[in-house]
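For reference, the structure is listed below as structure tokens.
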Amino acid sequence: MSTIIEIKDLTKKYGKRTAVNHLNLNVNAGEIFGFVGPNGAGKTTTMRILATLLRANSGEAVIAGHSVKKSPRGVRGAIGYMPDAFGIYHDMRVWEYLDFFGACYQLRETERKRLVNDLLELVDMTPRRDDMVDKLSRGLQQRLGLARTLIHDPQVLILDEPASGLDPRARVEIRELLVELARMGKTVFFSTHILADVAEICTRVGIIEGGQIVALGTLDELQRGLAAQRAVHIVVLDQAAAAQEFLSALPGVSGVETPAEQTPQTRTRLEVKFTGDDTALSAMLTGLAARHVPVVHFSEDSQNLEDIFMQLTKSSLE
Ligand SMILES: Nc1ncnc2c1ncn2[C@@H]1O[C@H](COP(=O)(O)OP(=O)(O)O)[C@@H](O)[C@H]1O
Ligand SMILES: [Mg+2]
């Protein structure tokens, strides 16, 4: 696995406000990396620095071997950047839009014709080739924007909130497109403020908050590692007191509660808060069984992604 985006100690201030704060992050070639954070976290600022549209105050970023500081042209050749806003293009048809950007990259006319057809095919917009760009739905504009980033066949795609403002169907289409691009060998680095929405397609997720990475890993790692405190629900037919006593004494268990509303009356529901791995979790159940506690239900409350996200980024709400 080779690093294709390397962000080192990057800092960007707007006046007194620090938007990106000594940010460090590596993305490997071939990844679909989700850059996730609430509004104002510093995602757009970071991406604009990577796209060489904005200069950092300090630190460095290297993409496909090119420094954003020393070799911005090299960076631009290696990346396709899609900003968060599409921009306004009056009086332009879909094919003309792509053809125009192809001309900007100095592709010859015959070459452009083939490329425009291929790109429209890729984003499934061939039947829309003669539509006016400014009349397209946001979903189609995003797909066209994606096609545009591919004109010069870059290795790395930097996409700022490609799925935002889209209806559920259009979001699914964008997700599928990102997966397709990764299959074509592109590295996809994209931002979002909705973790659950996109996490399933990501090889890894980096959560940014206050201009810094606060969590990094695969979805699984985030769910396991960050859900430091786990909630386990146990229902026993009998011997609730013995179960409670045994559970309370286990390492990692910080509380055992029997909620007031118990249904049905013949069973007792126990809520265990504990910190530990899956081995410890399974030992909890075998321990109860060894003590002949009649367990009829044993489950872990899985924290959903939004819970994790809220937990990690709660400082922004304070
Ligand atoms: N041009 C600007 N001038 C001043 N402050 C800005 C500017 N752009 C962004 N900011 C501030 O920098 C912080 C990060 O913004 P941004 O990078 O847009 O975050 P995100 O894309 O994660 O929402 C926010 O506090 C925002 O208000
Ligand atoms: Mg943004």
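For this structure, a couple of remarks:
- A Cβ distance below 7 Å, combined with a sequence gap of six or more or placement on separate chains, defines the contacts here; from region 38-56, residues that are closer than 16 Å to ASN24 by Cα reach residues that are hydroxyl-bearing (Ser, Thr, Tyr) in the pairs LYS43/SER191; MET47/SER191; ALA56/THR11.
- Filter result (away from ligand 2 (no atom under 16 Å from the Cβ), closer than 25 Å to ALA64 by Cα and either among the basic types (Lys, Arg) or not in a loop (DSSP other than H, G, I, E, B) (or both)) within region 145-173: LEU146, ALA147, ARG148, THR149, VAL156, LEU157
- Top-ranked residue in region 145-164 [being over 8 Å from ILE79 (Cα atoms) and among the aliphatic types (A, V, I, L, M); ranked as nearest to ligand 1 (Cβ to nearest atom)]: LEU159
Yes or no, residue by residue, for (1) in contact with a helix residue (DSSP H, G or I) (Cβ under 8 Å, 6 or more places away or on another chain); (2) more than 16 Å from ligand 2 (Cβ to nearest atom); (3) among the hydrophobic types (A, V, I, L, M, F, W, C):
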site: GLY34; (1), (2), (3): yes, no, no
site: PRO38; (1), (2), (3): yes, no, no
site: LYS43; (1), (2), (3): no, no, no
site: THR46; (1), (2), (3): no, no, no
site: LEU53; (1), (2), (3): no, no, yes
site: ALA56; (1), (2), (3): yes, yes, yes
site: HIS66; (1), (2), (3): yes, yes, no
site: ARG76; (1), (2), (3): no, yes, no
site: TYR81; (1), (2), (3): yes, no, no
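Let's see how each residue does on (1) out of contact with any helix residue (DSSP H, G or I) (no Cβ under 7 Å at 6 or more places or on another chain); (2) in contact (Cβ under 8 Å) with a residue 40 or more places away in the chain; (3) more than 18 Å from GLN142 (Cα to Cα):
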{"position": "HIS90", "(1), (2), (3)": "no, yes, no"}
{"position": "VAL94", "(1), (2), (3)": "no, yes, no"}
{"position": "ASP99", "(1), (2), (3)": "no, no, no"}
{"position": "GLU109", "(1), (2), (3)": "yes, no, yes"}
{"position": "ARG112", "(1), (2), (3)": "no, no, yes"}
{"position": "VAL116", "(1), (2), (3)": "no, no, no"}
{"position": "LEU122", "(1), (2), (3)": "no, yes, no"}
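- Where helices (runs of 4 or more DSSP H) fall wholly inside region 239-317, the ranges with 1 or more residues that are outside the structural domain of VAL214 (by TED's automatic domain parsing) and at pLDDT 90 or above are 240-248, 278-290.
- The residues of region 177-211 that are part of a strand (DSSP E or B) and basic (Lys, Arg) amount to a single one, ARG204.
- Within region 29-46, considering residues that are of a type in the set (Val, Ile, Thr) and either closer than 16 Å to VAL205 by Cβ or in contact with a His (Cβ under 7 Å, 6 or more places away or on another chain) (or both), the one farthest from ligand 1 (Cβ to nearest atom): ILE32
- Listed conditions (1) within 16 Å of ligand 1 (Cβ to nearest atom); (2) under 21 Å from ARG204 (Cα atoms) are all met by LYS12, apart from (2).
The values are calculated or read from the model by the stated rules, or taken from the named source; none is laboratory data. The structure displayed is predicted, hence computed values, not measured ones. Don't worry about glycine lacking a Cβ; one is built from the backbone with ideal geometry, like all the others, and counts go over all protein chains shown.
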